[in-house]
Structures are given as structure tokens and as C-alpha cells.
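Student: My structure is below; once you've seen it, I'll send some questions.
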Amino acid sequence: MGQSRHSGKIRRVTGFTLIEVLISLSIFGVLIGGLLGFLPWATEGVSKIKDRSVALGMVDAIQIELERLGFSIVERGTQRLEGLFSANSKISDAQLIRQLVLVAPRNGSKVSFERVVERKQSRNSQGQFVLSNSLESISEAYNSMGGLVEFDHNKELDLPVSLVGLEEGKEDTIATNAWNRWIEEDQRYFGIFCSQFARFPLGETGIESRHFHHPSNGYLALEIEVQWPYKIPGRDEPIEEKFRNRITFPLAVVR
């Protein structure tokens, strides 16, 4: 604090003392440190939003891949193993079901078939359907007419089903198109699980689902669940399901 004279009057000049400046800087530092502590959370939140947007944007790509595989493979690869071929039979709570698994890289640029798995379905104490964690891969199955449906290999082209191209013609053209669709194991960030709808979602005393599939149907309604991260770089084995994010939506394929 000081004094100065101007036009015969005394004017007081005020300012911050050194102690006040130090206290202000200390408070400012505490606030900035607290805000920086939230930065990783904010970054993670942006990443989750981006992954969710990519997952939602893959709907058309998933539909195209299912149609490319063909109705027969999709039907058998998602079969509920009880009550499928009889309109009057009921599905028990505990049963085996198949899921057709597609995969996609983190940028969602392509979707490709990976495998068909079989797992147990049951109900929890609240009456909701739950699936077992144990997955058993299936390489082939027979259709309702006794024909063999292969899930993991195409004998004509000697390629995995996931690599069979859309175009016919020269062998090198097919191979090129096929391998462009290949996704490395540790780049399969999104796992896309395709299942048929249960006949009685709320139990056999409840209302029958209008999405339940019967072989006489000209379409096949599917419940699609996109999970991520499914696999990550440096690790070929899938991440445990409890650590994955997920979204669910319906799709349908026609004969």
C-alpha cells in the first residue's frame, strides 16, 4: 500500500501482498490438479461413445454378411435344438442353443463370419433367460432334409466359409476378394452373436413370441448382440464376457 499526490489530493494505491498471491496460486494449483484427475475418465468416456457409435453403425454390414452366408447356414447356425420342427412342441427352460458369431475390427470397416458355438440356456431366479459361459465350437450340422451344412470350410474353393467371395470367375479374383475380408485374430474387437428368439420369452405360461422361427417361415428373425472388446491386440483368446460392453437389436434374413 502506498500514497501518491494528484491535484493536491492524496490517493491510496492498493495491490495484492506476496502472501495473498501465494495463497491464490496454491488454490489454483489444487483446482487444476483436480480437473486433470478427471481427464482419463473423460478420455475413456469418449472412447466408449465412439465404440458404441461404430457398433450401431454396423447394422447394414451385419445384415449383408448374414445374407452372404445364406439362409441355410444362418438357420442351422442359430438353431434352438428343442422344439424347432414341431409347431406344437414347447421349449424347455434348460436347453442347448446355437449362436452364429461374426467379428469386426475396431473401426467397423468390415464384418466377417468367425464360427458357430453351442451353449446352454436356462432361467435365473427372476425368470430371465441366461446363457452359460461355456462355448463349444461346431464345425458342421445336418439340415432338416439331411444335407450337410459346413460352418468352417468350403470344399469347392478350399477356403474357410468366412473367406468365400461374392463373385464367381477366376480363382485368383475370388481369393483376392476373400482375403480382403479376413480379420486377424487379435483385431477382432467386436464379437457379434446372432441367436434365434425364444418361443416363450417369459416362460411356457407366457405369451408366445411372434419372432419365434419355424421351418415353414420364409424369413428368420434374429436377436443380434454386439459385444466389445471381444479380442484385443496381443491376445487371441476372447475377453471374459463380464468385461464387455454390449448392445442388442433385431434383424431378419429371408430365404
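The values are calculated or read from the model by the stated rules, or taken from the named source; none is laboratory data. Quick caveat, the model's predicted, so the values are computed rather than measured. Cβ atoms come from the backbone with ideal geometry, glycine included; neighbour counts cover every protein chain shown.
Student: Counting only residues that are within 13 Å of LEU66 (Cα to Cα) and in a loop (DSSP other than H, G, I, E, B), how many does the stretch 95-138 have?
Tutor: The qualifying residues number 2.
Student: Scan the stretch 241-255 for residues that are outside any strand (DSSP E or B), in contact (Cβ under 8 Å) with a residue 24 or more places away in the chain and loosely packed, with under 13 Cβ neighbours inside 10 Å and report the count.
Tutor: 1
Okay, residues lined up against (1) within 12 Å of PHE190 (Cα to Cα); (2) hydrophobic (A, V, I, L, M, F, W, C):
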position: TYR219; (1), (2): no, no
position: GLU225; (1), (2): yes, no
position: LYS231; (1), (2): yes, no
position: ARG235; (1), (2): no, no
position: PRO238; (1), (2): yes, no
position: PHE243; (1), (2): no, yes
position: ILE247; (1), (2): yes, yes
position: PRO250; (1), (2): no, no
position: VAL253; (1), (2): no, yes
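Student: Further question: Please verify whether the stretch 96-108 includes one or more residues that are at pLDDT 75 or above and farther than 16 Å from GLY191 by Cα.
Tutor: yes
Student: Quickly run through the stretch 47-81 and pick out the residues that are polar (S, T, N, Q) and touching a residue at least 12 places away in the same chain (Cβ under 8 Å).
Tutor: Result: GLN63, SER72, THR78, GLN79.
Student: What about GLY206, is it of a type in the set (Gly, Ala, Ser) and either at positive phi or at pLDDT 85 or above (or both)?
Tutor: No; evaluated as a whole, the condition is false for this residue.
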